[in-house]
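Notes to accompany the following structure.
Nothing in this text is a laboratory measurement; each read-out follows from the coordinates by a stated rule. Since we're looking at a predicted model, the values are computed, not measured. FYI the Cβ positions are ideal-geometry reconstructions off the backbone, even for glycines, and counts take in every protein chain you see.
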């Protein structure tokens, strides 16, 4: 048996070298910040504190602890301090959890940051004769496509133009939730949030609804959501398995992965084709028009693939971000009341949200930022260093992967005062205009050239839904038990979030 694992170690090492752990969740702790003066000559790499395992390095440990890697990695930082290295297979990965060290990583990531590649996705795309996913692209190949998408996705004018569409979908979603409540009035949010995020994308990018707010079980929108969920589930099942091995010994999961991917591309292409066919001056999407017509795409296939990836990727991230915010507010009625006081003051009686409302809603923005601090859907930041650097007095060779634990940083009392507490006030500047925490510790959507392409749209969507919901309702949790989360590519709730919506006295019909 040991000889089998010994032979598999190089394969697992190769896979894990290209796919790094995506995050970890932590309990309240303080990690040492004993930072070495970087002006001294760097010490050799092998002197970095190392987590050692007797058999197979940490390869089996990394796979075994994947779902609870947030706790697993925190334990290692508590044991070794702000920096340590870990051998996985034949490779070493450096993990850092200190603002100064994170800053050094960010400053040296380069113009075309490199991160882990998932062989499964590359192999599946080849089988389907599809273009490589942007998540796996590296170097100039990645940069070329990213620049095209940045022009629209990071354009504040385009983002602000989507406010009316997001508002309308969010209002309808709130009414839909009311209709879905059980006899006791509670609704299971885990099952519903992805419908809202998909409908929001459809309205903003295609100028129409996709049919998620119905009880019909065979709508295209439900097929698309189910396909995205299946795609991520099979990715999780196969992510540590070399594709050639998966084809033979994981045939069912491999086939399902290809089938769900095919459904995503089939429906995605249909949505884009229908938009182009039915587009008029009255129903056109300014956002999608800008993305399509103001770029020099290499082919229609490249353009369509980019849109489909935006659509599929946004469903999970936005829906989970919103779910975490609603959960936290539901367990903190005093914060709900303070948020309501602000929303009542800035939102008009007709319920229409003005384009500039966020500039007048500091507490709303603070609430959403604090929720993303405690539960960032992207729970780690990984980079392959393009140059030699020094971290905490240690030499880090070019090509080394460095992992930054965003979730762990958010839970450290050495960085945030009472870090486990949900406290939106920490994002309100004090009299001197400063924040209470240092820089380079908060970037739930990533940072630098490779940050989340849909960040601005995602933040707007979450802020608008929270604003409209808490302008008119209170929410109560069915059972105030601590939220359990798992790392499953992104951070997800593993326990049910069931809430009841109670109208405010000044309820306005939306």
Over all distinct alpha-carbon pairs, what is the Kirkwood Rh of the chain in angstrom?
-> 24.1
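Does the stretch 342-426 come out rounded, prolate or oblate by the C-alpha gyration tensor, with a ≥ b ≥ c the root eigenvalues, rounded set by a/c under 1.5 and, if not, prolate when a/b is larger than b/c and oblate if not? If you can, show how the numbers build up before the last one.
On the way: a/c = 3.88, a/b = 2.34, b/c = 1.66.
Here the stretch 342-426 falls in the prolate category.
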Percent relative contact order of the chain, based on C-alpha pairs within less than 8 angstrom and at least six residues apart?
-> 25
Applying the gyration tensor rule to the Cα atoms of the stretch 348-499 (axes a ≥ b ≥ c; rounded if a/c under 1.5, else prolate if a/b exceeds b/c, else oblate), the class is prolate
For 261, 221, 197, what ranking results if the residue with the fewest other Cβ atoms within 10 Å of its Cβ goes first?
-> 221, 261, 197
Per-residue Cβ contact counts at 10 Å, fewest first, order 151, 85 as 151, 85
Do the sum for the chain: with -39,500 (n - 2.57) for every DSSP H run of n ≥ 4, divided by all residues, what is the mean residue ellipticity at 222 nm, to the nearest 500 deg cm²/dmol?
-> -15500 deg cm²/dmol
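Fewest to most neighbouring Cβ within 10 Å: what's the order for 464, 335? List each step's numbers first, then the result.
Working: 464 25, 335 20.
So the residues, fewest neighbours to most, are 335, 464.
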